[in-house]
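Undergrad: Okay, here's the structure, questions in a sec.
Every number in this text was worked out from the coordinates using simple rules, so none of it is lab data. A quick note: this is a predicted structure, and the numbers were derived from the prediction, not measured. Neighbour counts run over all protein chains shown; Cβ positions are idealised from the backbone, glycine included.
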Amino acid sequence: MITFLLVFTFSLLVVAVSISPLITIAIKKRLFDAPSESRKIHKRIIPNIGGLAIFSGFLLAVSLFIKTTDFWNANYLLASGIVIFITGLKDDIIGVDPMKKFAAQFAAAFLITILGDIRIMNLDGLLGFHQLSYAFSIGLSVFVIVGMINAFNLVDGIDGLAGFLGLMTSLTYACLFYAAGYNEWACMCLALAGAITGFLIHNISPAKIFMGDCGSLVLGFLIAVSTIQFINVGGGKVIELGSLSITSVPALALAIVALPIFDTLRVFTIRIVNHQSPFKADKNHMHHRMLALGMNHMQATATLVSVSLVFVITAFSLQNIGNNQLVATLVLMVIVMNSGLSLYLFSKRVELDAQAAKEAMLAKADVKHPAVVSKLTPEGKEFAEEILKKVSPN
């Protein structure tokens, strides 16, 4: 337990202390994210290389506190992580062609699955699959890794969201690995959790720094690898976590990472239905919907992290119903949540449109009267300005 505490605290302190000078350097060297696109939510320049501190703190903690003799594929894990990190850092600084970024992600995924042999080997009856063939195991694992890398990258859209989701996920896996007797993997997850915590000190709204692609891509990669390893650890086994017996391991793993995966699939589906590229940036993510309801960044983050916790708690509570039944329950929860949110947003939009129309009619009736114009919403004022131009072009 002392080692666990040390690895978490050391990683946290390294990141927390290094962020301030990193912000100074980033501003001097103009390494920041400027709100130059309409989809950008922030309104000021903010350094976007926080992932440099996160990955450095993680690497130092893992190098100092984890014995490679007990973690034979750690070298391949770190090598793959470095490939992802360098790609993300280059994208943050000068930009990277999307196809080259995908090529690097696939290269890292093949490296960890083939040389590191970290791949999904047994789905424990999920969708009828048990022991997987080597080729199918590699293909599925690469798909999961690349998919989750991009899911965490896409969910990193508001202050604190990717960080808190990553913190919750890494701490959950740390507890599960410890219960299963895989202390070196528990240490790795705690090193990541400590690094994220040190970063969040500076990323809570209003954020002083963003993790950038070099942070979100690495975070997604490490979470993906931890997910695959956890599925392997629990394949066909029972993990005792206190008085709770973990029997539906693949379904639990899906619940832990459900929110970023669901958000990515939902957004991709919307874009494809609208005959757009699934990789085209827009404002259809869950966090954009939260902001549309009038929430600020931290309220939206707290809401979405709470939803993710509900998925995890549900999966822990229903371990005895089986993998397929638990996955079906999670899918149903996702559908209900998305439908409810969509209906609420629609009713909210109708209400705002009705209010804008009412004020616009009032403006039309007496458009020149300052007392009327001063009471209008932005939509009403916009309408009033158009009427004024028609009434008095000069």
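Undergrad: Spelling out what I want: for every residue of the stretch 147-163, take phi, set θ = phi - 60°, compute 6.51 cos²θ - 1.76 cosθ + 1.60 (Karplus), and round to whole Hz; glycine and proline get x.
TA: So the J values, rounded to whole Hz, are x, 6, 4, 6, 5, 6, 5, 6, 7, 7, x, 9, 4, x, 5, 4, x.
Undergrad: In terms of modelled amide H atoms, which long-range or inter-chain residues lie less than 5 Å from the amide H of Leu241?
TA: Ile246
Undergrad: Within 13 Å, Cβ to Cβ, of Pro250, how many net charges do the neighbouring residues add up to if Lys/Arg are +1 and Asp/Glu are -1?
TA: 0
Undergrad: For a footprinting-style exposure proxy, rank Asp92, Asp124 by other Cβ within 10 Å, fewest first.
TA: Starting with the residue having the fewest Cβ neighbours, the order is Asp124, Asp92.
Undergrad: Where the centre of each part is set by its Cα atoms, how far does the stretch 141-200 sit from the stretch 258-310, in angstrom?
TA: Comparing the Cα centres of the stretch 141-200 and the stretch 258-310, I get a distance of 19 Å.
Undergrad: Would you grab the residues whose amide H sits under 5 Å from the one on Met211? Only those 5+ places off in sequence or on another chain, please, with H modelled 1.01 Å from N.
TA: Counting only residues 5 or more places away or on other chains, the set is Gly50.
Undergrad: Sort 24-30, 285-291 by the packing proxy (mean of other Cβ within 10 Å over each peptide's residues), most packed first.
TA: Listed from highest to lowest mean packing, they are 285-291, 24-30.
Undergrad: Rounded, prolate or oblate: pick one for the stretch 2-246, where a ≥ b ≥ c are the square roots of the eigenvalues of its C-alpha gyration tensor, a/c under 1.5 means rounded, and failing that, prolate if a/b is larger than b/c, else oblate.
TA: Note, shape of the stretch 2-246 comes out prolate.
Undergrad: At Phe129 and Met1, where each label point lies 7 Å from the Cα along Cα→Cβ, what is the point-to-point distance in nanometres?
TA: It works out to 3.9 nm between the two label points.
Undergrad: Using modelled amide H (1.01 Å from N, peptide plane; none on Pro or chain starts), what sits under 5 Å from the amide H of Ile120, excluding residues fewer than 5 places away?
TA: Those lying under 5 Å, H to H, from Ile120 are Ser141.
Undergrad: Could you give the size of the charge dipole of the stretch 2-246 about its Cα centre, using +1 on the Cβ of each K and R and -1 on the Cβ of each D and E, expressed in debye and rounded to the nearest 20?
TA: Computed charge dipole of the stretch 2-246: roughly 660 debye.
Undergrad: Could I ask something else about it? Please arrange Trp72, Trp185 by how many other C-beta atoms lie within 10 Å of their C-beta, fewest to most.
TA: In order of increasing Cβ crowding within 10 Å: Trp72, Trp185.
Undergrad: Rounded to the nearest 0.05, what FRET efficiency do Ile313 and Lys208 have when you use their Cβ-Cβ distance and R0 = 41 Å?
TA: 0.80
Undergrad: Here is a follow-up. Using θ = phi - 60° and the Karplus form 6.51 cos²θ - 1.76 cosθ + 1.60, what ³J(HN,Hα) does each residue of the stretch 290-295 get, whole Hz, x for Gly and Pro?
TA: Calculated HN-Hα couplings, in order: 4, 5, 5, 7, x, 6 Hz.
Undergrad: Which residues does the label zone of Asn324 cover in the stretch 122-142, counting backbone N under 12 Å from a point 7 Å along Cα→Cβ?
TA: Taking a point 7 Å out along Cα→Cβ of Asn324, the residues of the stretch 122-142 whose backbone N falls under 12 Å are 125-130.
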